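Comments concern the structure below.
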Amino acid sequence: MAPEKIVVCPGFALASEKIVVCPRFLLAVVCPRFLLAKKIFAFAAALLAASPVHAQDPAASYPSKTIRIFGQGTGSTADYLSRYLAQKLTERWGQPVIVDSRAGAGGTIPTDAVAKSAPDGYSMVMGHAGPFVSAVTLYAKNLPYDPLRDFEPITLVATGVTVLVTNLNVPVSNARELIALAKQKGDLTYGSAGNGSISHLTGELLKSVTGIPLQHIPYKGAGNALTAVLAGEVQVSFLSPLTAHGQLKAGKLRPLAVSSATRFPGAPDIPSAVEAGIPGMEAKLWFGLFATGKTPRAIVAKLNREIVDILRTPETQETFLKQGVQAAPSTPEELAAWVKSELARWTPIIQATGIRAD
């Protein structure tokens, strides 16, 4: 058997710094300074791996499972926009993006569901004025979420107007005649997409600027409000051009005005509120995507890039406009600022006009 080989670290003279190496190995060198340096290197490497710069990007593997977009009721504009984006994102990512449409309570039900979801980017809600603006006042005592604190804005999706429409059996041909009839009869009703929805707010604006009596009948979503006015359950409604697109095109509803001071490009044949003789009935329809609060910024940024890219394509812009809304891509910061401005605008109006959840 070969003799044992003993090597002493040149930096140390003490015999105690020697080590006996197994004869099966040719040589081994052990030095306290070497061992210390090795430990320091291992510790530094561990710190480096744990640092934010080198941590794994949470967006790198996103999405890796099904994404859910919470809509606002079948047949609504929010539902249409949710389904359109879900299809486009599925095509891009190869991961299923599904729409979970839940109607009722002015859109607060699906909004609350997302507020309480895991902050991982796999749950989003198609927000609008109902659950993000008017609900703050209408449900001040029991709203289960905060629209500014509990969500991460992704992008504004689309903007538009509502259309003042009547059932064909209502004996009017324009807004002035409707105002006169409402004052004469005193019992006309209007249907909305729910308490606090933009259709509800527009109806109350019409009452405020004209002084006419109109009884509010809230429905669970715009689709149900459309069905109600078609069936004559209510005489009047305020609907998105997208929601009422097919019925307007078929001549099954009578459009009297849009809720803007000028004609809307998505419905150019319908008079503006000013033209119709009801200036002041101005209410902007808007929709934006929101993720659960505290969703990682990298994931929010990735969602924003992908969705904004979809919204900027000529195909999307043309499709939306034909349906009665305008694509409106934005940054997350712009959407957050928009919600704040809408809260500042509508809260005093809701309080001053006495709008309530019927």
From phi via Karplus (6.51, -1.76, 1.60), per-residue ³J(HN,Hα) for the stretch 154-163 in Hz, x at Gly/Pro: 10, 6, 5, 9, 7, 10, x, 9, 9, 10
Among Lys65/Lys252; Lys116/Lys249; Lys220/Lys302; Lys88/Lys116; Lys141/Lys183, the pairs whose Cα-Cα distance exceeds 31 Å are Lys65/Lys252; Lys116/Lys249; Lys220/Lys302; Lys141/Lys183
Restricting attention to the stretch 257-348, which GluC sites (Glu not before Pro) occupy a DSSP loop and are surrounded by at most 16 other Cβ atoms within 10 Å? Glu275
With θ set to phi - 60°, apply the Karplus curve 6.51 cos²θ - 1.76 cosθ + 1.60 along the stretch 340-354 and write out the HN-Hα couplings as whole Hz, x wherever there is a Gly or Pro. 4, 5, 5, 4, 5, 6, 7, 4, x, 5, 4, 5, 6, 8, x
Cleavage-rule hits (trypsin sites (Lys or Arg not before Pro)) in the stretch 104-170: DSSP loop, at most 10 neighbouring Cβ within 10 angstrom: Lys141, Arg149
Could you list the trypsin sites (Lys or Arg not before Pro) in the stretch 273-355 that lie in coil according to DSSP, counting only those with at most 13 other Cβ atoms within 10 Å of their Cβ? Lys294, Arg312
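Multiply the residue separation of Glu334 and Glu233 by 0.36 nm, subtract the distance between their alpha-carbon atoms, and state the gained length in nm to one decimal.
Full extension of this stretch gives 32.4 nm more.
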After finding the eigenvalues of the alpha carbon gyration tensor for the stretch 88-155, what semi-axes result from the square roots of 5 times each, listed largest first in whole Å? 25, 12, 10
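Gain in length, Asn169 to Gln95, computed as 0.36 nm per residue apart minus the alpha-carbon separation, to one decimal in nm? Kindly include the intermediate steps, with their values, before the conclusion.
Details: separation 74, 0.36 × 74 = 26.64 nm, distance 4.78 nm.
So the extension gain works out to 21.9 nm.
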In the stretch 256-274, whose amide N lies under 18 Å from the spot 7 Å out along Cα-to-Cβ of Lys249? List them in ranges. 265-270
For the stretch 236-301 and the stretch 108-131, distance of Cα centres in Å: 22
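Sort 171-182, 192-203 by packing, meaning the average of other beta carbons within 10 Å per residue, with the highest value first.
192-203, 171-182
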Pair Thr347, Lys183: separation of 7 Å Cα→Cβ label points (nm): 3.5
Contour minus end-to-end for Asp269 and Ser61, with contour as 0.36 nm per residue of separation and end-to-end as the Cα-Cα distance? 70.1 nm
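Since every read-out is calculated from the coordinates, none of them should be taken as a lab result. Owing to the predicted nature of the structure, the values given are computational and were not obtained by experimental measurement. Backbone-built Cβ (ideal geometry, glycine too); neighbour counts: all protein chains shown.
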